[in-house]
Amino acid sequence: MTGWLFSVTAGLLFAIGLYGVLIRTELVRRLLAANVMATAVFLFLIVVAAETPDGPDPVPQAMVLTGIVIAVSLTAFALALIRHFRAVTGESDPEGGDDD
Amino acid sequence: MPVSDLLASGFDVLLCIGLLWLAWQAITGTGLFRSVVMFMVFGLMMAVTWARLGSPDLALAEAAIGAGITGALLLNACRAAVSEMRSDEQPLRDRPSGVPKWLALPLSLAAGVGLAWLMHSIPRDGGPTPEAAIKAAETHFLDNPITSVLLDFRAIDTLLEMAVLLLALVGARVLLDQRRLPALYPVPDHPMPMLPSLLAMITPVLLLTGLYLFWAGSHAPGGAFQAGALLGALGVMYQLAGRFTPTHEPGTVNALLITVGLGLFSLFACLSLLWAPAPLSHPEQGAYALVLLIEFALMLSIAATLVLLFVGSRSLQLRRSTNHPGGRQ
């Protein structure tokens, strides 16, 4: 029950994130959407880890822990990139382009 | 079904609904500030979810990094967006995207549901890895299986992660220096009577909690990442209170702090070839002390990098924060 529920939640979270990446053109919001997608993938990994019969599998947990730190550093880099973009173009979105 | 199971299932359902609602609000809501706050609460709910799925290590990391540091970075971005906007520009308007909504919605829903179905059909016997990792962890010198994966079995991942962290910082600085964007929030010039006493109260608590998490990492939930994130949060608070003065010149202490984790880890990788055929193998003697030393270096580097990423994305000409990002003056 728990695994099924969280699998579906992860799928829907991935859908919401993907929808945001496709629909929002304002860059910070698009970054948030990409972060939601990443979280959905983490959730998938941990659901599989939690359902492993020998107890929670430490390998995916360690991978997700690494992933969380990578995600924050990439978010910081992307925010610097966005600020740079805004300084260069004076726009807060790339006119419907997909440059993120 | 016993009442406790029923309650737990009800809690899970509420948790999942909350997660979905918050994610939806963060992405479709109007107003950047509102979205960011929703995203921060989403991070906190994720921390509860990790705890519920039996991963307290992740819960700690998510609460400190996912909700805390990411939230601080995003709030900074909000203020930057408002203050750098041209006066004739609509506040953060959203142009219609190239993909129409009627196409994007079913497309993403199909991707999400398909992914969920695929993940559900993955066999849960785990294969050889969990069995080997769990069995090895029972006899391993580190009692926390996740720490043993991070610093022994898959140490290469952690090593490369530190490289990514450093690369992100260097990349952010290069971008920000290039445009010479002005600092957004210079050191507050008006006196804030509450902040020093708040800092005085919170500094020992955060230092103690951070160091405890670092120490606990070898046998209980915790470790260098969680501890580094907490110390980084302390550094962010010091920056917000104006206790770190941004300067233009790169400082030796700062350079040392951000590179000591990667440096020591790489040194260990090279030296380990002396006693083992493959790099990153631990020696028979003194492995525990070695891991503690590396973890301490990782903790310092993570804390310093997170603080500098926060400051760097905020006032671009910063080369360093003058003091120790771990919170000492």
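Hey, how many Å between the Cα centroid of the stretch B:1-68 and the Cα centroid of the stretch B:134-148? Cα centroid of the stretch B:1-68 versus Cα centroid of the stretch B:134-148: 29 Å apart. The figure for B:Glu138 is an accessible area of roughly 140 square angstrom, using a 1.4 Å probe on the protein chains alone. Straightening the chain between B:Trp21 and B:Val41 buys 6.1 nm, computed as 0.36 nm per residue apart minus the Cα-Cα spacing. Peptide B:16-24 is shielded by partner chain Cβ atoms: per residue, an average of 6 of them sit within 10 Å of its Cβ.
Centroid-to-centroid, using Cα positions, the stretch A:67-82 and the stretch B:257-296 are 27 Å apart. As a test of the definition: with a 1.4 Å probe, what buried accessible area, both sides summed, do you compute for A against B, in Å² to the nearest 100? Its buried surface, counting both partners, is about 7700 Å². Accessible surface of B:Ser218, taken over heavy atoms with a 1.4 Å probe and every protein chain present, rounds to 10 Å². Here the spin labels are modelled as points 7 Å beyond Cα on the Cα-Cβ line, and at B:Arg124 and B:Val164 they lie 2.8 nm apart. Summary value for the stretch B:1-82: 25 percent relative contact order, contacts being C-alpha pairs under 8 angstrom separated by 6+ residues.
The largest-to-smallest principal axis extents of the Cα set in the stretch B:1-82 are 53, 27, 11 Å. Solvent-accessible area assigned to carbon and sulfur over the stretch B:1-82 amounts to 77 percent, based on a 1.4 Å probe. Stretching the chain fully between B:Ala8 and B:Trp117 yields a gain of 36.9 nm (0.36 nm per residue, less the alpha carbon separation). Note on exposure: B:Ser35, B:Ser9 ranked by accessible area (1.4 Å probe, complete protein assembly) read B:Ser9, B:Ser35, with the most exposed listed first.
Heavy-atom accessible surface of the stretch B:1-82, averaged per residue, reaches 40 Å², computed with a 1.4 Å probe. For chain A, the relative contact order is 30 percent, taking Cα pairs closer than 8 Å that sit 6 or more residues apart in sequence and dividing their mean separation by the residue count.
The values are calculated or read from the model by the stated rules, or taken from the named source; none is laboratory data. Note that the structure is a prediction, hence the values are computed from the model and not measured. We place every Cβ from the backbone using ideal geometry, glycine too, and count neighbours over all the protein chains shown. Accessible surface is based on the protein model in full, side chains and every heavy atom, while ligands, DNA and RNA are left aside. Shrake-Rupley method; radii C 1.70, N 1.55, O 1.52, S 1.80 Å.
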